[in-house]
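Have a look at the structure below before the remarks.
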Amino acid sequence: MTYLGLDRSALTIIPPTAPLRGRVAPPGSKSITNRVLLLAALATGTSRLTGALKSDDTARMAEALRDMGVRVDEPDETSFVVTGQGRLASPHRPLFLGNAGTATRFLTAVAATVDGTVVVDGDPHMRKRPIGPLVTALRSLGVEIEAPTGCPPVTIRGRGPLDAGRVEIDAGLSSQYVSALLMAAACGKGPIEVALSGTEIGARGYVDLTLAAMASFGAAVERVDAATWRVAPTGYRASDFAIEPDASAATYLWAAEALTGGAIDIGTKAAAFTQPDAHAHALIASFPHMPAVIDGAQMQDAVPTLAVLAMFNATPVRFTGIANLRVKECDRIRALATELARIRPGLGREEGDDLIVAADPALVGQTLPTQIETYADHRIAMSFALAGLKLHGITILDPGCVAKTYPGYWQALATLGVRFD
Ligand SMILES: O=C(O)C1=C[C@@H](OP(=O)(O)O)[C@@H](O)[C@H](O)C1
Ligand SMILES: C=C(OP(=O)(O)O)C(=O)O
């Protein structure tokens with residue numbers, strides 16, 4: 001399928017003259033698709049995954065699994081049929097995972113259960129995203145693993161099922177390290193305890209997503225205390241799984257609705273999502289009276305959406321709890337502050353690891369020709385497009401970067417009545 005905007009070097013958004021209305025379903029959840037692809041690959045037998053996301057991030061995961069001997073069929077645009085043999089084979093080439101954090105972190109841990117050497121690598125952006133804490137944790141379980149720069153590439157010399165034991169992980173930079181260890185731990189020779197070594201963890205909701213997906217594929221995890229899980233050596237059982245729509249993708253549609261006073265039916269109620277970013281719905285619904293302080297810790301991927309919305313809020317908004325946005329696809333705190341200030345000096349600024357958005361409702365309807373730098377970050381592109389719904393002259397550079405998680409994004413906006421230059 002070809003999608004609007006993916007082949008362009010820039011896309012200028014023409015503010016719609018009427019509220020956005022219509023029905024647009026977001027694609028399947030990236031987080032859940034990449035978890036269940038992996039769990040299905042580790043199971044013995046065939047699993048049918050429906051409602052899946054087909055995007056760069058999930059294509060990288062699927063391709064890596066194929067490289068490790070798993071059959072991954074794609075009978076239609078939203079399904080994967082995965083046939084696993086209970087374990088992954090050693091690949092003949094490095095696994096190239098683009099800038100997919102989930103695929104990179106999850107496969108690093110699971111590679112330790114392969115009999116042979118696995119190299120996990122990514123694009124230049126991924127090569128700047130830290131993986132040291134996960135490497136250290138795996139090494140403490142006896143895994144032979146190296147990541148000289150503290151970022152990919154990572155070389156893992158797997159020796160089959162992990163030894164039973166206990167592993168501590170510092171998840172301050174990424175909750176994905178915890179999810180990765182939990183998923184690998186079910187492929188142990190005996191029970192493995194996964195414990196947080198610090199108090200900090202990214203969004204805990206992502207660990208809950210991991211535990212729910214593992215349970216669907218037959219894993220047995222006991223919560224020992226608030227910071228420790230004990231994973232039984234069950235391996236995984238093939239299962240059919242219906243993936244819910246992507247809550248982070250939904251935030252752009254909720255925000256487009258709030259900004260234009262429209263009515264967009266995304267086909268799923270906010271309360272029905274199990275992903276952390278669905279918490280952003282209530283904040284978006286409070287627009288233009290969003291609170292003065294928003295703690296983004298539990299809805300990190302929604303922060304770009306909320307920050308761009310905040311520029312039109314009645315009062316300024318400070319975003320706290322977002323330090324790890326500095327190690328996402330780009331330094332999102334810097335990118336948001338820089339691009340907001342590019343629209344109008346002073347509109348966004350950093351204060352330590354907080355982001356402050358100086359709301360200005362008088363911006364609505366103004367012409368402020370601005371070329372938004374997107375730093376190869378899908379969320380910077382998708383969120384700043386929202387500014388173009390209320391301002392004339394917003395141009396998104398490299399609009400194709402949305403393909404990481406939402407290749408149909410520009411088409412979705414067009415379906416709702418947005419036009420582009
Ligand atoms: O586990 C997951 O699916 C994710 C966890 C979050 O990352 P961190 O845990 O690195 O903060 C989130 O930003 C990412 O988009 C998806
Ligand atoms: C941070 C993100 O992705 P990942 O860590 O999975 O690359 C994201 O999708 O916003």
* **Selected residue (criterion: surrounded by the most Cβ atoms within 10 Å (Cβ to Cβ)) from residues of region 394-406 that are within 16 Å of ligand 1 (Cβ to nearest atom) and not hydrophobic (A, V, I, L, M, F, W, C)** => 405
* Has region 333-343 got any residue that is in contact (Cβ under 8 Å) with a residue 60 or more places away in the chain and either within 16 Å of ligand 2 (Cβ to nearest atom) or not acidic (Asp, Glu) (or both)? -> no
* Asked: For region 272-299, what are the residues that are more than 19 Å from the chain's Cα centre (by Cα) and either closer than 27 Å to residue 171 by Cβ or touching a residue at least 12 places away in the same chain (Cβ under 8 Å) (or both)?
  -> 282, 283, 284, 285, 287, 288, 289, 290, 291, 292, 293, 294
* If you scan region 235-274, which residues turn out to be among the polar types (S, T, N, Q) and out of contact with any Phe, Trp or Tyr (no Cβ under 8 Å at 6 or more places or on another chain)? -> 248, 251, 260, 268, 274
* To do: Would you check which residues across region 270-301 are among the small types (Gly, Ala, Ser) and within 16 Å of ligand 2 (Cβ to nearest atom) and list them?
  => 278, 280, 296, 297
* Kindly state which strands (runs of 3 or more DSSP E) lie completely within region 153-244 and contain at least 2 residues that are over 25 Å from residue 44 (Cβ atoms) and either within 16 Å of ligand 1 (Cβ to nearest atom) or not hydroxyl-bearing (Ser, Thr, Tyr) (or both). => 165-171, 192-201, 221-225
* Structure fact -> Note on region 375-396: residues more than 23 Å from residue 54 (Cβ to Cβ) and either within 21 Å of the chain's Cα centre (by Cα) or at pLDDT below 95 (or both) are 375, 384, 386
* Asked: How about region 150-176: which of its residues are of a type in the set (Ser, Thr, Tyr) and either over 22 Å from residue 100 (Cα atoms) or more than 23 Å from the chain's Cα centre (by Cα) (or both)?
  -> 155
* Limited to region 367-393, what total is found for residues that are assigned to a loop (DSSP other than H, G, I, E, B) and of a type in the set (Lys, Arg)? -> 1
* **strands (runs of 3 or more DSSP E) wholly inside region 1-93 containing at least 2 residues that are surrounded by 17 or more Cβ atoms within 10 Å (Cβ to Cβ) and modelled with pLDDT of 95 or more** => 10-14, 44-50, 79-85
* To do: With the condition kept exactly as written, say whether any residue in region 378-393 is crowded, with 18+ Cβ neighbours inside 10 Å and hydroxyl-bearing (Ser, Thr, Tyr).
  => yes
* Can you tell me which residue in region 313-362 is modelled with the lowest pLDDT, limited to those that are of a type in the set (Val, Ile, Thr), within 16 Å of ligand 1 (Cβ to nearest atom) and not in a loop (DSSP other than H, G, I, E, B)? -> 327
* **Considering residues of region 1-53 that are of a type in the set (Lys, Arg) and over 30 Å from residue 185 (Cα atoms) only, the residue nearest to ligand 2 (Cβ to nearest atom)** => 8
* **Which listed residue is surrounded by 24 or more Cβ atoms within 10 Å (Cβ to Cβ), touching a Leu at 6+ places or on another chain (Cβ under 7 Å) and free of Cβ contacts under 8 Å to residues at least 60 places away in the same chain, from 110, 120** => 120
* Structure fact -> Per the filter on region 234-253, residues away from ligand 2 (no atom under 15 Å from the Cβ) and either out of contact with any Leu (no Cβ under 9 Å at 6 or more places or on another chain) or hydroxyl-bearing (Ser, Thr, Tyr) (or both) are 234, 236, 237, 238, 239, 244
* Asked: Within the group 321, 365, which residue is over 22 Å from the mean Cα position of the chain (by Cα) and not assigned by TED's automatic domain parsing to the domain that holds residue 174?
  -> 365
* Asked: Within the group 277, 265, 240, which residue is at pLDDT 95 or above and either hydrophobic (A, V, I, L, M, F, W, C) or surrounded by 18 or more Cβ atoms within 10 Å (Cβ to Cβ) (or both)?
  -> 277
* To do: Among the candidates 89, 137, 109, 103, single out the residue that is of a type in the set (Gly, Ala, Ser) and more than 16 Å from ligand 1 (Cβ to nearest atom).
  => 89
* Structure fact -> Filtering region 89-134 down to residues that are away from ligand 2 (no atom under 16 Å from the Cβ) and either of a type outside the set (A, V, I, L, M) or under 25 Å from residue 404 (Cα atoms) (or both) yields 90, 91, 92, 93, 94, 111, 113, 115, 116, 117, 118, 119
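The values are calculated or read from the model by the stated rules, or taken from the named source; none is laboratory data. Please read all numbers here as calculations on a predicted model, not as lab measurements. With ideal geometry, Cβ positions are generated from the backbone for all residues, glycine too; neighbour counts draw on all protein chains shown.
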